[in-house]
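Here's the structure we're looking at; comments come further down.
The values are calculated or read from the model by the stated rules, or taken from the named source; none is laboratory data. What you see is a predicted model, and the numbers here were worked out from it, not measured in a lab. Cβ placement follows ideal geometry from the backbone for every residue including glycine, while neighbour counts extend to all protein chains displayed.
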Amino acid sequence: MKYINLLVGIALSISSTFSIAGTTLKYPDSDSGYISIIKKAEKAGLADVNIDDKQKFNIINDNKNIGILVQGKGWLRDVHPVCFIGWSADHRPNAFFMQTMGADDWETVDCDKVQAVGIISRSDDKNIKIAVIYKINVRGQYSQDYVILGIKDGESIFYDKNTTERFQNSYIEDLVAMRKEYQRLISNNK
């Protein structure tokens, strides 16, 4: 019995070491930082702005909380649903805001909801990538669309347009398939 307990203890200590290193997403303990993101969405012309409580995450990089990634939705002219991504960090509360489905490059679609948010890069990758998978409505037909974010200098978020465009029309339906395809693309480009 002591031998089994020892093996379990060793396995847990090894797995916890790997979970501390790298980048992870964790559900936040508080709602701090959301007011500035909502104000930014309203300033961009969105009304009835809501933060998706199921799709907000602290981003932990090398055991340090670098900020909160928030998904939200609002309405443009009360008829067109637009999703957005907000990023808030203690030292930069207005660091990043981007309208996604329903605006800019995606203005011809209606944003239904965020289906998933997750890290698609390997834990040892220098270039951390976070995928957001959306359910969208295009003239009565539902499908998926994607936005890929990167982490720069271990503490700020940016929109990765090139990687996002690689996934357009790919028909990937979940994070597992996207992670596998992204890692395949990276391996082929080395």
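As a summary of the residue check, GLU181 satisfies the conditions (1) more than 19 Å from GLY72 (Cα to Cα); (2) in contact (Cβ under 8 Å) with a residue 60 or more places away in the chain except for the one numbered (2).
Looking at the structure I just gave you, is GLU173 surrounded by 15 or more Cβ atoms within 10 Å (Cβ to Cβ) and of a type in the set (D, E, K, R)? Before you say what the answer is, go through the steps one by one.
Numbers: surrounded by 15 or more Cβ atoms within 10 Å (Cβ to Cβ): no; of a type in the set (D, E, K, R): yes.
So GLU173 fails the test.
Listed by first and then second residue, the pairs with beta-carbon distance under 8 Å, at least 6 apart or on different chains, first residue in segment 89-102 and under 16 Å from GLU42 (Cα atoms) and modelled with pLDDT of 85 or more, second surrounded by fewer than 18 Cβ atoms within 10 Å (Cβ to Cβ) and of a type in the set (A, V, I, L, M, F, W, C), are PHE97/ALA44; GLN99/ALA44; GLY102/LEU76. When segment 145-162 is filtered for residues that are over 17 Å from ASP104 (Cα atoms) and without any contact (Cβ under 8 Å) to a residue 60 or more places away in the chain, the ones remaining, listed by number, are GLY150, LYS152, ASP153.
Going by the structure shown, is LEU46 surrounded by 21 or more Cβ atoms within 10 Å (Cβ to Cβ), at pLDDT 80 or above and farther than 19 Å from ARG179 by Cα? For LEU46, the condition - surrounded by 21 or more Cβ atoms within 10 Å (Cβ to Cβ), at pLDDT 80 or above and farther than 19 Å from ARG179 by Cα - is met. Looking only at segment 8-24, decide whether some residue is at pLDDT 75 or above, small (Gly, Ala, Ser), assigned to a helix (DSSP H, G or I) and out of contact with any helix residue (DSSP H, G or I) (no Cβ under 8 Å at 6 or more places or on another chain). No; the residues of segment 8-24 include none that is at pLDDT 75 or above, small (Gly, Ala, Ser), assigned to a helix (DSSP H, G or I) and out of contact with any helix residue (DSSP H, G or I) (no Cβ under 8 Å at 6 or more places or on another chain). The numbered conditions (1) among the aliphatic types (A, V, I, L, M); (2) under 18 Å from ILE59 (Cβ atoms); (3) not in a strand (DSSP E or B) are all true for VAL176 except (2).
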